[in-house]
Amino acid sequence: MTIMPPRKHGDASDGMVGGRLTRFEGSLKLTGAATYALEYPIDNLAHAALVQSTIAAGRVVSVDVTRALASPGVLMVLTPEDDLGLRVSADWQGNRPEDKPYHPLPREVQFNGQSIAAVIAESREQATEAAKLVVVTYEETSPVMSIDDPAAGEGKLMDNLTIGWGDAEAALAASPVRIESEYSTPREYHCAMEPHGLTAKWDGDELTIWEPSQWSHGMARMYAEWFAMDYEKVRIISPYIGGGFGSKGQPLAYGAVAVAAARKLGRPVQLAVTRPQNFTSYGGRAATRQTIALGASEDGVLQAIVHRGRTETSVYMDYPEQTGAATPILYKVENFSSQSRVVPVNTVTPGALRGPGKNPSAYGIESAMEELAYKLDMDPLELRLKNYADHDYQSGKPWSTRMLREALTQGAAAFGWEKRSQQPRSMRDGKTLIGWGIGCGTFPVIRAPSEAMIRVLANGRVEVVSGSIDMGQGTYTILAQTAAEALGVPVSQVDVLLGDSRMPGSSIAGGSMLAGSITGAVHKAAIAARDELIGLALNETGSPFRDTGANTLSLVGGRIEASRGGGPSLSLQELMQALGRDELEIRRNTLAENAQTPDDQKQAWTTMSKVQGPTSGDLSMHSWAAHFVEVRIDEDFGTIRVSRMVSAFDCGRLYNPKLVESQWKGGIIMGIGQALLEEGVVDPRNGRTINSNMADYLVPTNADIPDIEVISVGVPDLDASTLGGKGVGEVGIVGVAPAIANAVFHATGKRIRDLPITLEKLM
Amino acid sequence: MRDFSYLRASTLDEARQAVLQAGASILAGGTTLIDLAKCGVAEPETVVDISHLEGLSGIEVTPQSVTIGALSRMSDVADHSGIQAEMPAVSESLLLAASAQLRNMATIGGNVMQRTRCPYFRDPGTFPACNKRNPGSGCSALGGITRNHAVLGTSEHCLASNPGDLAVALVAFDAVVDLGSRRVPFDEFFLLPGDTPDRETVLQPGEMIIGLSIPKSAAAKNSTYLKVRDRQSYEFAAASAAVGLELEDDGRTVRDIRVGLGGVATKPWRARAVEQALIGKVLDDATIKAASLLAMEGAVAQSDNTYKIDLVPRVVARAIETVSTDKSGGLA
């Protein structure tokens, strides 16, 4: 079985970095030829189905598996009674405070929908049906249902998230113009088209896992730690992923269950997490509450920002959704205070979902700024430009690049903002109220080292090999473009192999850090490969260049020849033949020269410990966005439709504008869903998420999406990355929801401060 | 795996015989049955496949009526030019329902028989109490999240709303359900939940829908279906109305008006009070508004669905305005 045939390019006409090449794995996905994690044909496969709790808090007293075991095809039932022999894994940073057992099927029930048992059978259908026959007896305790539950309290202050400078409270009190409001967002979910799941297969003490992964190396490390085995013995295979959005960066309890079952059973086991189970098998975006007070002078100069955030977390882990993440860096302000609390409730621990932190944070500050603009009777665009941050007031550092002013002005021009009337409810078309709004967004440049291998084959083809992944954002394509440009070969000559933890190390595909990180490594390896080829051509016996007297050669368009012209001209295939080589393999990484030990490398590829934040150097580095939205609202029904959007971005240099625009639009569409539709609905009596399916948890359909115009105003930022790009994947969503909420206010005169803005809130 | 027997009926009679057995379910388009089987609500012992039966999928337009075979696909009915011309609300209600993929599979008989979207009905593992699934077990929706539950026709035993769109048009235009041996007016086909919410229709064991007949009328010819929801497509109605209007020869006075409601009632709902208030009246904004308020006569809201009490009259009024404006170019 060929696990990963190299992906080949079609059209090479427009391929170098910056070219608008089409995603070249796209046709495989469209035709069904791309193989996803649960689609690999594996002999002797058994199937696992999860049994999830139906109470929010308590203890499993007993599990009666008699009927399930007697059900046709059932091989095994795992319950909290079974010691699976696992150990806790280290955290994202690689820290493991204490070595203790890990129970992926725990006895303590911490939320409704927690996996507490699993049935393994010959077929998925048999396992699924038998799972219904497992009878769990609980001893219930009193749960905390949500952040709004009076029992939830104020939560825990996260000292590391307290930010402040100046004297915000005093400056606020002294400000002649003030606004203060609370903004709420509900639990939101990733809803990747490909649900979670895996296939696990043991061969002796070696473990292979086919699982969609945003981080093959990190996940391999965590599985290895759970099962107390060598990292090198675990292999994660994930060449294609049907969307992740932050949900597929770590192994989860169900993964531990499937791997343990496979070991116990001595057979490969596949576990498909059903769509409803996807809502509780890992966390979505935490519910958030923010209070924001702004103080300004009468002419609209910000004097103070006071921000207080509370976000849901689980009762077993503190996950802070950082609602104070964008607040301090969007505007020039001399007095600032932000505090964040996490509020433990009986939910699965929330997690990263596109634009984590920055997204709800921008919703708060960008709504508040618009409220201030109306209070001042000032154009919200003017207010934003007036308080433009000339540097990062939080870190005190200059920006690397910040074209947010250009994003605002060029976006406004493309949108036609100057035709706006200031008064709410002043634009209408019959019974349709029309409103315009702005929302700014930002996401930090996060840098991480990566590794890459370039292989030049005897037939002249070039392979880029990396364990990084492509979940639809375009890694295959931009790495081919990067290698082609650096090497001097057409893109059509390059193949890319990704998504295998046995391949060279890489950063996580998260926090918008992968593209900048992995293109840097591929660029470095490709330059080294070019230099190596030229060196061999000049010096090796058998090379026709050896005796030409040339002291330098060039590699352009796939041909190697003397830089000054004249003499031999060879294709890579001809050169490899002349050199008598089957293969040339060059591996490079972007770790510091003094941090190249095997331990350094393992840490770099499998933990976050070498990741650098946006202000780790002398500069403050971020992507920026300005969204302009038009909504049309039926004044009788309260139904909102986004009718027009223009979004301008500064993401530095774009490696492939076509793919970047697609990512931006994808983020914007998720933002429309967040603003108007998405909400995990929890039954207040038992903590059950009752809309855990794609008919009841609403995400936008094509019919909800207008034409979206995206504009790039960025310039190459060589401090941010080797090739000058900044992150593009996360920032697209950041600022969309407030832009829509602001447009809704402009249309209706009603300020809705809790998302989503559903029709009854406007009636 | 739950085993079930699969019977491919070769005649209608054979199918009728087969569905007499306890635990038998009819399979036509499968869009409802498979969905309900997946969430553990439908657990048929026997699946009786009628999808291939001849003679049940025609659409016929006669001088008096439109008849639709039970196995006609939603998309075929929606796209039928005779139906679009004679009763636009029927076509529109289908086009605003489900998704294109579902409409290509789902049959008209199955569409009429679709079950409620009540999340408590659909999650038996977590909410054992459901009088519709398990008579006498209680109603989990009472005291739960009720944003999408009914405000009309509810009882202390059930709040589940009927999710249909087509059914709203059918009840408005006096469709008749053809069961072969008997014909039942659409408004009588569905039962109120009362204290037996498990009984949703008058279908007796062994009976199945053969087809529908919708009488032509001037009101049906001048009709519209208005569906209001947060999402533009593929969402059940927050509230919907099928409205048809016939004016007297003076072009101002209402001779006949039909108002069906969806998304708000335990069965496809006919708002006869609205109709009665408008027959013989000259339509103007105030008259329409006042009459539309009657749509909510007898409505009982739960904590999360009070908005429907305000929304429904607005939807009714807009739909009436739409059919009156289309005729005369403006309100009388």
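The values are calculated or read from the model by the stated rules, or taken from the named source; none is laboratory data. Not measured: the values here are computed from a predicted model. Note that we place each Cβ from the backbone using ideal geometry, even for glycine, and neighbour counts take in every protein chain shown.
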Of those in segment A:642-653 that are surrounded by 24 or more Cβ atoms within 10 Å (Cβ to Cβ) and either within 24 Å of the chain's Cα centre (by Cα) or at pLDDT below 95 (or both), the residue farthest from the other protein chains (Cβ to nearest Cβ) is A:GLY652
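Can you tell me which residues in segment A:407-435 are touching a strand residue (DSSP E or B) at 6+ places or on another chain (Cβ under 7 Å) and not in a strand (DSSP E or B)? Write out each step before concluding.
Step one: list which residues in segment A:407-435 are touching a strand residue (DSSP E or B) at 6+ places or on another chain (Cβ under 7 Å), which gives A:407-408, A:410-412, A:414-415, A:417, A:420, A:425, A:427-428, A:431-435.
A:ALA407, A:LEU408, A:GLN410, A:GLY411, A:ALA412, A:ALA414, A:PHE415, A:TRP417, A:ARG420, A:ARG425, A:MET427, A:LYS431 - these are the residues of segment A:407-435 that are touching a strand residue (DSSP E or B) at 6+ places or on another chain (Cβ under 7 Å) and not in a strand (DSSP E or B).
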Residues A:GLU321, A:GLU312: which one is among the charged types (D, E, K, R), under 24 Å from A:ASN691 (Cα atoms) and free of Cβ contacts under 8 Å to residues at least 60 places away in the same chain? A:GLU321
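Listed residues A:THR689, A:THR639; which is facing chain B (nearest Cβ under 8 Å), in contact with a strand residue (DSSP E or B) (Cβ under 9 Å, 6 or more places away or on another chain), surrounded by 20 or more Cβ atoms within 10 Å (Cβ to Cβ) and of a type in the set (Val, Ile, Thr)? Spell out how you get there, then give the answer.
Working: A:THR689 fails: facing chain B (nearest Cβ under 8 Å).
Result of the check over A:THR689, A:THR639: A:THR639.
Return the only residue of A:GLY460, A:GLY467 being part of a loop (DSSP other than H, G, I, E, B), at positive phi, modelled with pLDDT of 95 or more and touching a strand residue (DSSP E or B) at 6+ places or on another chain (Cβ under 7 Å).
Numbers: A:GLY467 fails: at positive phi.
Unique residue meeting the criteria: A:GLY460.
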Count of segment B:225-273 residues which are among the hydroxyl-bearing types (Ser, Thr, Tyr) and more than 14 Å from chain A (Cβ to nearest Cβ): 3
Could you list, in sequence order, the residues of segment A:722-763 that are within 14 Å of chain B (Cβ to nearest Cβ), among the hydrophobic types (A, V, I, L, M, F, W, C) and not in a loop (DSSP other than H, G, I, E, B)? A:ILE740, A:VAL744, A:LEU759, A:LEU762
Hey, A:SER338 hits all of (1) in contact with a Gly (Cβ under 8 Å, 6 or more places away or on another chain); (2) in a loop (DSSP other than H, G, I, E, B); (3) of a type in the set (Ser, Thr, Tyr) but one; which does it fall short on? (2)
Got a sec? Which of A:ALA262, A:ALA256 is touching a Lys or Arg at 6+ places or on another chain (Cβ under 7 Å), assigned to a helix (DSSP H, G or I), small (Gly, Ala, Ser) and over 19 Å from A:SER367 (Cα atoms)? A:ALA262
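With the structure loaded, tell me whether A:GLY549 is part of a loop (DSSP other than H, G, I, E, B) and either loosely packed, with under 15 Cβ neighbours inside 10 Å or of a type in the set (Ser, Thr, Tyr) (or both) or whether it fails that test. Step through it out loud before you land on a result.
Numbers: part of a loop (DSSP other than H, G, I, E, B): yes; either loosely packed, with under 15 Cβ neighbours inside 10 Å or of a type in the set (Ser, Thr, Tyr) (or both): yes.
Taking the combined requirement at face value, the residue satisfies it.
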Test of understanding: among A:SER146, A:SER142, which residue is of a type outside the set (Lys, Arg) and within 14 Å of chain B (Cβ to nearest Cβ)? A:SER146
Looking only at segment B:1-54, count how many residues are part of a helix (DSSP H, G or I), away from chain A (no Cβ under 14 Å) and among the aliphatic types (A, V, I, L, M). 5
Taking the options B:PHE189, B:PHE127, B:PHE173, B:PHE121, name whichever one is within 14 Å of chain A (Cβ to nearest Cβ), over 30 Å from A:SER643 (Cβ atoms), crowded, with 18+ Cβ neighbours inside 10 Å and within 20 Å of the chain's Cα centre (by Cα). B:PHE121
Which one of these is aliphatic (A, V, I, L, M), within 30 Å of A:GLY673 (Cβ to Cβ) and assigned by TED's automatic domain parsing to the domain that holds B:ILE320: B:ALA271, B:ALA237, B:ALA220? B:ALA237
Just one of the numbered conditions (1) under 27 Å from the mean Cα position of the chain (by Cα); (2) buried (at least 16 other Cβ atoms within 10 Å of the Cβ); (3) closer than 27 Å to A:ALA258 by Cα is not true of A:ALA127; which one? (1)
Taking A:GLU154 and the conditions (1) of a type outside the set (Lys, Arg); (2) closer than 30 Å to B:GLY125 by Cα; (3) part of a loop (DSSP other than H, G, I, E, B), which numbered condition does it fall short on, given that it satisfies the others? (2)
Restricting the search to segment A:488-507, which residues are crowded, with 24+ Cβ neighbours inside 10 Å and either part of a helix (DSSP H, G or I) or of a type in the set (A, V, I, L, M, F, W, C) (or both)? A:VAL489, A:VAL491, A:GLN493, A:VAL494, A:VAL496, A:LEU498
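State whether one or more residues within segment B:148-158 are assigned to a loop (DSSP other than H, G, I, E, B), within 14 Å of another protein chain (Cβ to nearest Cβ), buried (at least 22 other Cβ atoms within 10 Å of the Cβ) and of a type in the set (A, V, I, L, M). Write out each step before concluding.
In the first step, residues of segment B:148-158 are kept if they are assigned to a loop (DSSP other than H, G, I, E, B); the result is B:148-151, B:153-154, B:156-157.
Restricting the remaining residues to those that are within 14 Å of another protein chain (Cβ to nearest Cβ) gives B:148-149, B:151.
Applying the additional criterion that residues be buried (at least 22 other Cβ atoms within 10 Å of the Cβ) yields B:148-149, B:151.
Retained after the next criterion (residues that are of a type in the set (A, V, I, L, M)): B:151.
Yes.
Give the number of residues within segment A:692-703 that are facing chain B (nearest Cβ under 10 Å) and under 23 Å from the mean Cα position of the chain (by Cα). Spell out how you get there, then give the answer.
Looking only at segment A:692-703, we keep the residues that are facing chain B (nearest Cβ under 10 Å), and these are A:692-696, A:698-703.
Right, trim to under 23 Å from the mean Cα position of the chain (by Cα) and you get A:692-694, A:698-702.
Counting residues in segment A:692-703 that are facing chain B (nearest Cβ under 10 Å) and under 23 Å from the mean Cα position of the chain (by Cα) gives 8.
Which of the following residues is out of contact with any Ser or Thr (no Cβ under 8 Å at 6 or more places or on another chain) and over 26 Å from B:PHE173 (Cα atoms): B:ALA22, B:ALA18?
Numbers: B:ALA18 fails: out of contact with any Ser or Thr (no Cβ under 8 Å at 6 or more places or on another chain).
Sole residue among the options that is out of contact with any Ser or Thr (no Cβ under 8 Å at 6 or more places or on another chain) and over 26 Å from B:PHE173 (Cα atoms): B:ALA22.
Keeping to segment A:416-457, report how many residues are within 14 Å of chain B (Cβ to nearest Cβ) and buried (at least 20 other Cβ atoms within 10 Å of the Cβ).
Going residue by residue through segment A:416-457, those that are within 14 Å of chain B (Cβ to nearest Cβ) are A:430-432.
Cutting the leftovers down to buried (at least 20 other Cβ atoms within 10 Å of the Cβ) gives us none.
Residues meeting the conditions: 0.
So, in segment A:33-61, exactly how many residues are without any contact (Cβ under 8 Å) to a residue 60 or more places away in the chain and either within 23 Å of A:ASN278 (Cα to Cα) or assigned to a strand (DSSP E or B) (or both)?
The first filter runs over segment A:33-61 and keeps only residues without any contact (Cβ under 8 Å) to a residue 60 or more places away in the chain, leaving A:33, A:39, A:41.
Add one more test, that the residue is either within 23 Å of A:ASN278 (Cα to Cα) or assigned to a strand (DSSP E or B) (or both), and what stays is A:39.
Of the residues in segment A:33-61, 1 are without any contact (Cβ under 8 Å) to a residue 60 or more places away in the chain and either within 23 Å of A:ASN278 (Cα to Cα) or assigned to a strand (DSSP E or B) (or both).
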Report yes if some residue within segment A:597-605 is surrounded by fewer than 22 Cβ atoms within 10 Å (Cβ to Cβ), assigned by TED's automatic domain parsing to the domain that holds A:THR482 and either touching a strand residue (DSSP E or B) at 6+ places or on another chain (Cβ under 8 Å) or part of a loop (DSSP other than H, G, I, E, B) (or both); otherwise report no. yes
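Could you list, in sequence order, the residues of segment A:85-128 that are more than 14 Å from chain B (Cβ to nearest Cβ) and more than 30 Å from A:LYS602 (Cβ to Cβ)?
As a first pass, look at segment A:85-128 and keep what is more than 14 Å from chain B (Cβ to nearest Cβ): A:85-108, A:110, A:118.
Residues satisfying the conditions are A:ARG107, A:GLU108, A:GLN110, A:ALA118.
Quick check on segment B:99-110: of everything there that is touching a residue at least 60 places away in the same chain (Cβ under 8 Å) and touching a helix residue (DSSP H, G or I) at 6+ places or on another chain (Cβ under 9 Å), which residue is nearest to the other protein chains (Cβ to nearest Cβ)?
Of all residues in segment B:99-110, those touching a residue at least 60 places away in the same chain (Cβ under 8 Å) come to B:99, B:102, B:105-110.
Among the residues that remain, those that are also touching a helix residue (DSSP H, G or I) at 6+ places or on another chain (Cβ under 9 Å) are: B:102, B:105-108, B:110.
Values: B:LEU102: 10, B:MET105: 15, B:ALA106: 14, B:THR107: 19, B:ILE108: 21, B:GLY110: 16 Å.
Within segment B:99-110, the match that is nearest to the other protein chains (Cβ to nearest Cβ) is B:LEU102.
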For segment B:134-143, state whether one or more residues are within 14 Å of another protein chain (Cβ to nearest Cβ), in contact with a Gly (Cβ under 9 Å, 6 or more places away or on another chain) and closer than 20 Å to B:VAL41 by Cβ. no
